[in-house]
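Below: the structure, in C-alpha cells.
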Amino acid sequence: MQEKIAANLSRIQDNIAEACAKAGRTVDEIMLIAVTKSVGLEGIQSLLDLGQADLGESIVQDLGQKIKDLQESFTPKLEPPGATVPSQPVQPRWHMIGHLQRNKVKPILKSVEMIHSVDSLRLAEEINTTAARIGLNHRVKILLQVNTSKEKQKYGLAVGAVNALADQIMTLPNLEICGLMTMAPLTEDKEVCRFCFTRLRELFEELRGEKIVDQSFRHLSMGMTQDYPGAIEAGATMVRIGSALFES
C-alpha cells in the first residue's frame, strides 16, 4: 500500500508544482492536507512514514477513533547505531474540515491543528467558551467556511455575511481567524469552479484591505481532488485531497 500511496503523493506534488509555476508561485506556499475519510490505520501510517503530516477529517467521531488507533499502534523504534535521521514517522497535524456541531466541539479542541468549517457566530462562541473552560493554553485556529457556490445543500456563510461575522469573531479572545475555506461544486466545468475560488480570494483581500482581520489571516483552504490545480492558480494556500491519494 505504501508504494502506491507514495506514487500518488509524488504525482500530486508534481501537479501542485506545475500549478504553482503557472501562477508564478512557489510550492512552499501550498499546504497539502491529506483527507483520510474511509482510510484505515495502515493508509494513515503510510502517509506519516512518507512525511505527510497534515491530515483532514470531516466527522468528529472518526477523528477521535483514528487518533486513538494511532496512539495504540505506536511502538518506539530503536535507532540503528550512527543513524542521523530518525526512523520515527512524523506526528500528525489534524484538521477538522467537515461541518462541526456545537455539541461536538469539546472532544476535538485539544487534538486539532485547525478547524476549517466555522460558519456561525454561535459555533465560534462555543469554541471560544469551551477553550476557556478546558484551559487550552493557545488560541484555536479557525477558518470561516463560505458557500461561494450558493448551493442550498452545502454548509457555509453567504458571501455577504462574512465581513460582519469576522468582525464579531475578532472580539473573541480564544480564537484566531486564519483565513477562509470553500468547496466548489462537483462539476467538470472549470469555469464554475474558478468563479468560486476567485470569489473567495476577492473576499479574502477585502477583509484584509478593510483591516477587519490581523496578520494571522493568511490562508485560503480551497481545492480538492477534482479541482485543486485551478484552486492553486486562484490563490489557494491549502488543498484538501483524498481520493487521488488512495486510488488504485
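Here, each number is a calculation from the coordinates, and none is a lab measurement. Predicted model only: the values in this text are computed from it and were never measured. Positions of Cβ are generated from backbone atoms using ideal geometry, with glycine treated the same way; all protein chains shown enter the neighbour counts.
Take the alpha carbon atoms of the range 169-248, find their radius of gyration, then divide it by 2.2 N^0.38 Å using N residues; give the quotient.
Normalised Rg, Cα atoms only: 1.22.
Show me, bin by bin at 5 Å from 0, the whole-percent P(r) of the range 133-173 based on Cα pairs.
The percentages, shortest bin first, are 5, 18, 23, 19, 15, 11, 6, 3.
List the lysines whose Cα sits under 22 Å from the Cα of Lys150, skipping any in the same chain fewer than 8 residues away.
List returned: Lys190.
In nm, what is the difference between 0.36 nm times the number of residues separating Lys37 and Asp14 and their Cα-Cα distance?
Extending this stretch completely gives an extra 6.0 nm.
Report the semi-axes of the equivalent ellipsoid for the chain in whole Å, largest first, where each axis is √(5λ) for an eigenvalue λ of the Cα gyration tensor.
Each semi-axis is √(5λ); the values are 29, 24, 16 Å.
For the range 95-172, what is the Kirkwood hydrodynamic radius in Å, using each pair of distinct C-alpha atoms?
By the Kirkwood definition, the hydrodynamic radius is 12.9 Å.
Over the range 88-223, how many percent of alpha carbon pairs lie in each 5 Å bin up to the one with the longest distance?
Values per bin, smallest distances first: 2, 10, 21, 23, 19, 13, 8, 3, 1, 0.
I need the calculated FRET efficiency for the pair Thr225 and Ala164, taking r as the beta carbon distance and R₀ as 30 Å, to the nearest 0.05.
0.35
Evaluate the distance, in nm, between pseudo-label points positioned 7 Å from the Cα of Ser120 and of Asn103 along their respective Cα→Cβ axes.
Here the answer is 1.3 nm between the modelled labels.
Could you calculate the contour length gain from Glu72 to Asn137, that is, 0.36 nm times the residue separation minus the distance between their Cα atoms, to one decimal place in nm?
Length gained, Glu72 through Asn137: 20.8 nm.
From the cross-link list Lys37/Lys68; Lys106/Lys154; Lys37/Lys141; Lys66/Lys152, which pairs have alpha carbons spaced over 27 Å apart?
Beyond 27 Å: Lys66/Lys152.
Which semi-axes, in whole Å and largest first, does the equivalent ellipsoid of the range 20-67 have when worked out from the alpha carbon gyration tensor as the square roots of 5 times its eigenvalues?
Here the semi-axes work out to 26, 13, 8 Å.
How large is the helix-only mean residue ellipticity at 222 nm for the chain, computed as the sum of -39500 (n - 2.57) over DSSP H runs with n ≥ 4, divided by its residue count, in deg cm²/dmol to the nearest 500?
-12000 deg cm²/dmol
If every alpha-carbon in the range 1-47 counts as one equal scatterer, what log10 I(q)/I(0) does Debye give at q = 0.27, 0.32 1/Å?
After summing over all Cα pairs, the log10 values are -0.98, -1.15.
Sort Tyr228, Tyr155 so the one with the fewest other Cβ atoms within 10 Å of its own Cβ comes first.
Tyr155, Tyr228
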